[in-house]
Amino acid sequence: KTRFVPVLKMVKIEVNDTGTGIPKQEIPNIFNPFYSTKKPGKGTGLGLFMSYEMVRKLGGDIKIVSATPNESKQPGTSFTLELPTED
């Protein structure tokens, strides 16, 4: 989903999935470079780090809400990118 928030002069982009979610203890680490829960050779752990860095360089932020099957009947993850607009 995308939406413009005029009061904040910001565009919000929301990306949701219905996967297994991210355990709460892992959330503080997901934007760290080379952090991955995948098996060796299956990922570098740079995707979220690079996304976060690009959004921050544009003056924005990324917010995350996630729940695992143990925490919710509807597990999954929601990332919200907040990007400023020009005046």
Sequence-distant or interchain residues sharing an amide H contact under 5 Å with Phe31, placed H: which? none
Once amide hydrogens are built 1.01 Å from N within the peptide plane, the residues lying 5 or more places from Met10 or on another chain with amide H under 5 Å from its amide H are Val5, Thr85
Taking R0 as 35 Å, what FRET efficiency do you get between Lys1 and Lys39 from their Cβ-Cβ distance, rounded to the nearest 0.05? 0.60
Computed over the range 11-54, the relative contact order (Cα-Cα under 8 Å, seq sep at least six) in percent reads 29 percent
What number comes out for the charge environment of Leu83, summing +1 per Lys or Arg and -1 per Asp or Glu over other residues with Cβ under 9 Å away? -1
Say we join alpha carbon atoms closer than 10 Å with springs in a Gaussian network model of the chain; which of Gly21, Gly59, Gly41 then has the biggest fluctuation? Gly41
DSSP loop chymotrypsin sites (Phe, Trp or Tyr not before Pro) in the chain with at most 13 other Cβ atoms within 10 Å of their Cβ, which ones? Phe34
Picking from Ala67, Pro84, Met50, whose Cα lies most toward the positive end of the charge dipole for the chain (charges on Cβ: Lys, Arg +1; Asp, Glu -1)? Ala67
Crossing angle, helix 47-57 versus the chain [Cα axis fit, 0-90 degrees, rounded to tens]: 20 degrees
Among Lys39, Lys63, Lys12, determine the one that fluctuates most according to a GNM of the chain built with springs between C-alpha atoms less than 10 Å apart. Lys39
Please give the per residue accessible area of the range 1-77, computed with a probe of 1.4 Å over protein heavy atoms only, in Å². 76 Å²
Step through the residues of the range 35-43 one at a time and calculate ³J(HN,Hα) from phi using the Karplus curve (6.51 cos²θ - 1.76 cosθ + 1.60, θ = phi - 60°), rounding each to whole Hz and writing x for Gly and Pro. 7, 8, 9, 7, 5, x, x, 9, x
Scattering profile of the chain at q = 0.17, 0.22 Å⁻¹ [log10 I(q)/I(0), Debye over alpha-carbon scatterers]: -0.80, -1.12
Under 8 Å for C-alpha pairs, at least 6 residues apart: give me the relative contact order for the chain, rounded to a whole percent. 39 percent
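The values are calculated or read from the model by the stated rules, or taken from the named source; none is laboratory data. Note that the structure is a prediction, hence the values are computed from the model and not measured. All Cβ positions, glycine included, derive from the backbone under ideal geometry; neighbour counts span all protein chains shown. With ligands, DNA and RNA removed, areas are computed over all heavy atoms of the protein, side chains included. Shrake-Rupley method; radii C 1.70, N 1.55, O 1.52, S 1.80 Å.
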